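The values are calculated or read from the model by the stated rules, or taken from the named source; none is laboratory data. What you see is a predicted model; the values in this text were computed from it and never measured. Cβ: placed from backbone, ideal geometry, glycine included. Neighbour counts: every protein chain shown. Please note that ligands, DNA and RNA were not included when accessible areas were found on the heavy atoms of the full protein model with its side chains. Shrake-Rupley method; radii C 1.70, N 1.55, O 1.52, S 1.80 Å.
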Amino acid sequence: MLLASLNDAAARDVGDAVRIDGTVLSRSDLVGAATSVAERVGGAQRVAVLATPTPATVLAVTGCLIAGVPVVPVPADVGAAERRHIITDSGAQAWLGERPAEDEGLPHIPVRLHARSWHRYPEPSPDAIALIMYTSGTTGPPKGVLISRRAIAADIDALAQAWQWTPDDTLVHGLPLFHVHGLVLGLLGSLRIGNRFVHTGKPTPAAYAEAHGTLYFGVPTVWSRVVEDLDAALALSSARLLVSGSAPLPVPVFEQLAKLTGHQPVERYGSTESLITLSTRVDGERRPGWVGLPLTGAETRLVDEDGASVPHDGETIGRLQVRGPMMFDGYLNLPDVTAEAFDDDGWYRTGDVAVVDAGGMHRIVGRESVDLIKSGGYRVGAGEVETALLGHPDVQEAAVVGVPDDDLGQRIVAFVVGSADPSVLVDYVAQQLSVHKRPREVRVVDSLPRNAMGKVLKKELAGWA
C-alpha cells in the first residue's frame, strides 16, 4: 500500500499527524477527509491541484491517491501561459481544492476540511500513475513526467533505509508542494512511513527552530539562512538529521551547520524523472560537496561522449546515467522524447555530469549543457570553481558559466555576491585549483537569479555575460 500509514489509522491514531497552515489533522481526520475527497473524484482520469501549502492540498493529493486518480500538481506562482500549457497538455478534468483566478475553464471540486467518509477503496495497481509532475521547462515547454505508485514507494523505502527514517520522526520543512522534494519526499514520504509531518509555510530559521522536529528538509538557501541565525541553528542541535537537496550545498554552509548544530547534513541527488537515486547515509561518510552512494535498487554509471566508461578516480568528469525502480514511466504525450531519454539497456540519461571516486562516492558537477565548460582544450566543471570561490571569506554566493570565446572555445566567467576584489578572486582560484580552471572574468553582483527551489538559473546568468 503506497500510503501505508493510513491503513487502519483509527486503530493507530496520532493526534497531530499533519500540521500545515495553522491546521492540525489527526491521522483519522486525514483518512476520513481524504476519503471524502476520493468519493468526489473517483472515476476521473486526472485532476489538477493548485499546490499551495494548505490542508486543502494535503487532502486533495491524499484523496486522489486513495481513489487511484493521477494528480497534476500546479505551482501556485506559475505564469498564465505555463499554467495553460500544463492544464491543456495534461488533460486535467477539474481543479481539486483551491483554484487560480484564471481557471482555464475547468470545473471546480472543493475540498471540505470537515467532511468524513470511511469507505474502503481497493489499493490501485503499483504500476498506476500517481503523479504527473511538470519539469521547469528550461529546454522548451514543461514536460509532464509520469511517476508511478511503485516508483514512489521504492524511493521512499530506499531513503528510509539510508536515513533510518521511522514513524518516530517528526519531519519538518517549508518547501513547495509541487516539487519532488516537498511533495514526494516530504508529504508522501510521511504518509508512507507514518511519521508526524510539519509544514512551516515559509522555511524561515525561526519557523524551523519552533517546530521541534527530528528530521528537517531544506534547500541550500534555507540552510545558509539558518547558519546566519545562531539561535535557530542551536535549536536544531536537538534534531536527528538535517537533509539538503535540490541544489548544491556550499561547503562553507555544510561546515557551519556541522559546527553550530552538531550535525553534518545529509546531501542527496535526484530529479523529477528519477526521484532520488544518490544519498549520503546516516551510518556512512558525509563529505562536503558530495552526494553519496546509490540507494538500494539504484545503479549509476559515468560515460564519455562515445559511451565508454570513465575512471572512478574522483577527478574525471563523465555523463551521469542512472536506472532503478524509482525511474519515471516517460513523458506524457512525448514518445520520441521519452525514447531519447533512455538507452537500449534502460539507462536514463540525466543530462548531468559528475565524478565518482574509488569508493563509489558521487560529486555532481552540474548540467552538461551549462556546467561542463570546455576551455582551451580542458574540461572544467563549474561546480569545482564555485566551491573554490566560496572558500574565500569575502564571497557569499558564486555561480560559474562558460561563454563563447574565439580563442578558448569557452571562457570561464564567475558571478559572485560579496565584497571581494575580482582580480583577487582570479588569483585565489588559480592557487586553489589548476591555473586553467581560474575564471577569466569575475563580476560582482547583488544577487544571483534562482528558481523556487534555490537553483541558480545558469542560462539566464549566461545572458548577463
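Computed extension length for Val24-Ala308: 96.9 nm, one decimal, from 0.36 nm per residue of separation with the Cα-Cα distance subtracted. Taking other residues whose beta carbon is less than 12 angstrom from the beta carbon of Ala209, and scoring Lys, Arg as +1 and Asp, Glu as -1, yields -2.
Stick to Cα atoms and the Kirkwood definition of Rh, then tell me Rg/Rh for the range 337-421. Rg divided by Rh gives 1.07.
Compared with the direct C-alpha span, the chain from Glu460 to Glu104 gains 125.3 nm at full extension, assuming 0.36 nm per residue. Taken about its Cα centre, the chain carries a charge dipole of about 960 debye when Lys and Arg each add +1 at the Cβ and Asp and Glu each add -1 at the Cβ. Across the range 79-172, the mean sequence separation of Cα contacts (distance under 8 Å, 6 or more residues apart), normalised by length, yields a relative contact order of 21 percent.
Principal axis extents of the Cα atoms in the range 1-153, from largest to smallest and rounded to whole angstrom, are 48, 33, 25.
With both partners inside the chain, how many of the DSSP beta bridges are antiparallel, as a percent to the nearest 5? In the chain, DSSP labels about 65 percent of beta bridges as antiparallel.
Across the range 378-441, the mean sequence separation of Cα contacts (distance under 8 Å, 6 or more residues apart), normalised by length, yields a relative contact order of 33 percent. Can you give the net charge of the other residues whose Cβ lies under 15 Å from the Cβ of Asp304, counting K and R as +1 and D and E as -1? Within the 15 Å Cβ shell, the charges total -2. Couplings 3J(HN,Hα) of the range 46-53, computed from phi: 5, 10, 9, 10, 6, 7, 7, x Hz, in residue order, whole Hz [Karplus 6.51 cos²θ - 1.76 cosθ + 1.60, θ = phi - 60°; x for Gly and Pro]. Accessible surface comparison of Asp103, Asp306, probe 1.4 Å, protein chains only, largest first: the order is Asp306, Asp103. A dipole drawn for the range 215-308 from +1 and -1 charges on Cβ atoms has a positive end, and of Trp290, Thr272, Leu241 the residue lying farthest that way is Leu241. Taking each DSSP H run with n ≥ 4 as -39500 (n - 2.57) and averaging over every residue of the chain yields -7500 deg cm²/dmol at 222 nm. For the chain, the solvent-accessible area with a 1.4 angstrom probe is 40 square angstrom per residue.
Taking the Cα centre of the range 224-383 as reference, the dipole from Cβ charges on Lys and Arg (+1) and Asp and Glu (-1) amounts to some 560 debye.
Arg379 sits among other residues whose Cβ lies under 13 Å from its own Cβ, and their net charge, with Lys and Arg +1 and Asp and Glu -1, is -3. Mean separation of Cα pairs under 8 Å and 6 or more residues apart, divided by the residue count, gives the chain a relative contact order of 10 percent.
Its alpha carbons considered, the range 87-244 gives a radius of gyration followed by a Dmax of 17.9, 49 Å.
Annotated for the chain: lysine pairs at least 8 residues apart or interchain, Cα distance under 19 Å, count 7.
For Asp405, the residues whose amide H sits under 5 Å from its own are Gln410, Arg411, ignoring neighbours fewer than 5 places away on the same chain, with H placed 1.01 Å from N. Over all directions, the projected convex hull of the C-alpha atoms in the chain averages 21.6 nm² in area. Ordering 77-85, 32-40, 159-167 by mean Cβ neighbour count within 10 Å, with the highest value first, yields 32-40, 159-167, 77-85.
Evaluated with a Cβ-only charge set (Lys, Arg +1; Asp, Glu -1), the range 19-80 carries a dipole of roughly 120 debye about its Cα centre, given to the nearest 20. The peptide list 443-451, 386-394, 185-193, 208-216, put in order of mean Cβ contacts within 10 Å with the highest first, becomes 185-193, 208-216, 386-394, 443-451.
In the assembled protein chains, Val403 presents an accessible area of approximately 10 Å² (probe radius 1.4 Å). Each residue of the range 293-310 is assigned a 3J(HN,Hα), and the resulting list reads 10, x, 5, 4, x, 8, 10, 9, 8, 10, 10, 8, 4, 9, x, 7, 5, 9 Hz, derived from the Karplus form 6.51 cos²θ - 1.76 cosθ + 1.60 (θ = phi - 60°), x at Gly and Pro.
The tail of the calculated P(r) for the range 407-465 beyond 12 Å holds 70 percent of all Cα-Cα pairs.
Leaving out ligands, DNA and RNA, what percent of the accessible area of the chain is carbon and sulfur, probe 1.4 Å? Answer for the chain: carbon and sulfur cover 48 percent of the accessible area. Note on Arg112: accessible area approximately 140 square angstrom, rounded to 10, probe 1.4 Å, nucleic acids and ligands left out. For Gln396, nonlocal amide neighbours, meaning residues 5 or more places apart or on other chains whose placed amide H falls under 5 Å from its own, are Val417, Gly418, Ser419.
The range 232-281 and the range 45-65 have Cα centres spaced 28 Å apart. The solvent-accessible area of Asp336, taken with every protein chain present and a 1.4 Å probe, is close to 120 Å².
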